[in-house]
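The values are calculated or read from the model by the stated rules, or taken from the named source; none is laboratory data. The structure displayed is predicted, hence computed values, not measured ones. Reconstructed Cβ throughout: ideal geometry from the backbone, glycine too, with neighbour counts over all protein chains shown. Heads up: the accessible areas ignore ligands, DNA and RNA and are worked out on the full protein's heavy atoms, side chains in. Shrake-Rupley method; radii C 1.70, N 1.55, O 1.52, S 1.80 Å.
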Amino acid sequence: MEKITEKLLLEKGSPKSKKLEDIKTLNLSNLGLKCADLPVKLLSRLWSLESWDLSGNRLQEMPKNLELPKLRRLDLSDNQMEDVTPLECLCSLEELKMEDNLYVTVSDNYKLMTLLPNLRSYNGKDITTTANHVRFVFTENLKTRMVAVWEKSFSLPDPFTEQKLSVLEKDFVNAACREVKYGPSSVSDFTKWKVATMAREYLHSLMAPKKETPKKTCGVSTPVKRKHQTPALTDSQTSLTPLKKPRSDPSAPPAEDSLRKSSLRLRNQALTGGVPLSPAMRRSRPSTPTRASAEKAAARKPCNVRTMKIVAAGGARGQRGENTSDDAIKKSCGRTQPVHLQPLHVLQCHSKQDNSEDFSTQLWACAFQPQQDSSAGSRLVATCGGDSVCVIDCEAGMVMKKYKVPGEEFFTLAWSTVLMSRGGGATAQTCSILAAGGKRGLVKLIHPKYNVAYGEFRASRKALSVLRFNHRRGNFLFTGSYDNKIILWDIGGVDSSYNFKVVQLLALESSATPLHICLPPAGADAHLLAACEDGLHCYNTQLSPSSATKRSREVEITFPVYEEEDKDHDYHTVDGLSFLTDDIVASKNFTHGRIYLWSWNRTRSQRPGKSGRLRAAVLAELRWVNTDIPYLAVNTCPGRAYVVCGDNEGRLWTYHVTHIQKDRFQTGTAIEPTEVLQWPAPVCKGLGKVEGPSINSVAMDPDLQYLVALSDKNMVVVWKRIASS
């Protein structure tokens, strides 16, 4: 018996009518429908249909050749969609929902943007900017490369026959798909599909008027190439696939033979998944790779970025402080109101070999891209873990760029702004760059706007633990490594060919691995704070011709908890550090269960004793969870006066610091969190609800519109600020 009949359509449609041609809205959700259950001839009578709900069915694809000229909205959520190309016939679609379709990949999303020229809303998000980039800029670059393949190796047969054309078409399409490399690995399937389509169309266009090409009633035409106000780039320079300098490093060990990230993780391996760290590597001098010498990364399989369904919005509030706030903190942080956050996306985008079942890759660092244009709408955040670095659009929940280095294990990243010269006497322009590093001791330099990894240099023989740019001098980069060194580099700017030069300026000796580096926001570039496995150290970083380029720590900053240490408890490891204001610092001592807020100015105004130690001028203690899981980093949002730290159960402890009482610290009572955001409990098809993992790192944009949390189970959680009720 047929599931879809004219009677059923009239019952499920509106407005109520006796004619299918009058129906504008149709709800066929949760009927267990498959593609074979949708009769094309009958459904094509719905000439006036504008909105169609097919959610909650078992559709693997839509039927081909549907004629629904007025259909604007389609809901295919919670199906089993595998092939999105049949949707091309619904060329009037403006809004499409495809959530909870496990097999829909990033490449499928790109296909939809080109197949549906009017699509502007996808899964409830405005994708106009991204879609136009894919339809025009991305497609134009693919076409340029495809035409280059033709001109290099092919020509029309003479004399022309259908058999020769068939052979030529097959050879040309295969060659174009093989040789055209453009875009991150996550969209390589889309790239091959689009190149194959354009190659066939291009070949047939060359045959005119010998062979007419059928006109398509719906599709995206390639516009005339527009002039861009950007530096001139060669064909190889515009590649979305990150470029890397050819390098031979026989000392680099396979990932499976590497050690854990640190001794602390080793002591807790029963509780956490290990993170590799390489042994000593062959010494190499910093090099200056040019774009001409860079090699394109090999084509990889499409990245299966899983977006998990959130079924529980965390938000259990903690106890709040009274309204009488500490005067110093209130003056520094302002009178902002607490914000309200809700989980928006859970992404699984750093999987080993793009395996969607990977829940072991630990994610370590994330940072929001500095906004040069305050009117910019979308917020981009960079994340790293495993062998990849991702740039994610928080609002859309999409991986915009992905940089992958097989065999690498990325532990840290940092954004900065440097000058790019354009040549010909033109004024240099600023550009945002991303630096990333990990177990190989190499710093990778990436220009995300043009999707180019333009160079690398060796910063250490051992793994890199932390990167930090100087916020006043964007070309100054500090690197911390597992050989207990902090190095200051001048990476300079870049020219239009991405030539750059790296110079070592300063070497700071540490007695243990540096985990976090902070530079005081105000004042001259004279000090650096380093949170290390054996304490918090302060260094003099003032540069002058007469100053030594190799230095030891100036002082150590101590905390009250040190007095409670015994043979079973060592609280010296500082695994969280971030400035909240120009003066107030938030720091966390491993296993202490407290977050300190202390004054940088009052601390350094003291006179250090013979031991070279200063006692931190603590303003308040924030209560945090008791756990022996290390490296759960603290972060701050100065613009909203917030301190945030994740825990070992996937929760986020948030503190709005304007609600701190004066006398709380004197009485020894820790301040309760403003709100504890519960783990959003995402559901993974086939695996059920995912339990709360450890939150290794947290980042917030300056106005706290978005918060991003990274877990030790290969999950990126995006939270969004919502309006107060």
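Numbers at a glance
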read-out	value
Heavy-atom accessible area ranking, 1.4 Å probe, most first, across Asp582, Asp108	Asp582, Asp108
Cβ-defined net charge surrounding Lys24, 13 Å radius [Lys, Arg +1; Asp, Glu -1]	+2
Using alpha carbons only: equivalent-ellipsoid semi-axes of region 412-559, gyration tensor based, whole Å	28, 17, 13
FRET efficiency for Lys449 and Val167, using Cβ-Cβ distance with R0 set to 35 Å, rounded to 0.05	0.25
Rounded percent of accessible protein surface that carbon and sulfur make up, region 491-642, 1.4 Å probe	44 percent
Set of aspartates and glutamates with alpha-carbon distance to Lys181 below 12 Å, sequence-local pairs under 8 removed	Asp189, Asp235, Glu295
Solvent accessible area, Å² - Cys366, 1.4 Å probe, full protein context	20 Å²
Prolate/oblate/rounded label for region 351-491 (Cα gyration tensor, a/c 1.5)	oblate
Solvent-accessible ranking of Glu675, Glu357, largest area first, probe 1.4 Å	Glu357, Glu675
Neighbour net charge for Leu90 - beta-carbon separation under 10 angstrom, K R +1, D E -1	-1
Cβ-defined net charge surrounding Ser510, 13 Å radius [Lys, Arg +1; Asp, Glu -1]	-1
Listed residues Thr128, Thr105 arranged by accessible area, highest first, probe 1.4 Å	Thr128, Thr105
Accessible-area value, Lys34, 1.4 Å probe, nucleic acids and ligands omitted, Å²	100 Å²
Members of Lys34/Lys194; Lys3/Lys24; Lys64/Lys164; Lys192/Lys439; Lys111/Lys152; Lys3/Lys97 lying beyond 25 Å, as alpha-carbon distances in this model show	Lys34/Lys194; Lys64/Lys164; Lys192/Lys439; Lys111/Lys152
Cleavage-rule hits, GluC sites (Glu not before Pro), region 565-659, DSSP coil, Cβ neighbours within 10 Å at most 16	Glu565, Glu649
With all protein chains modelled, accessible area of Leu71 [1.4 Å, Å²]	0 Å²
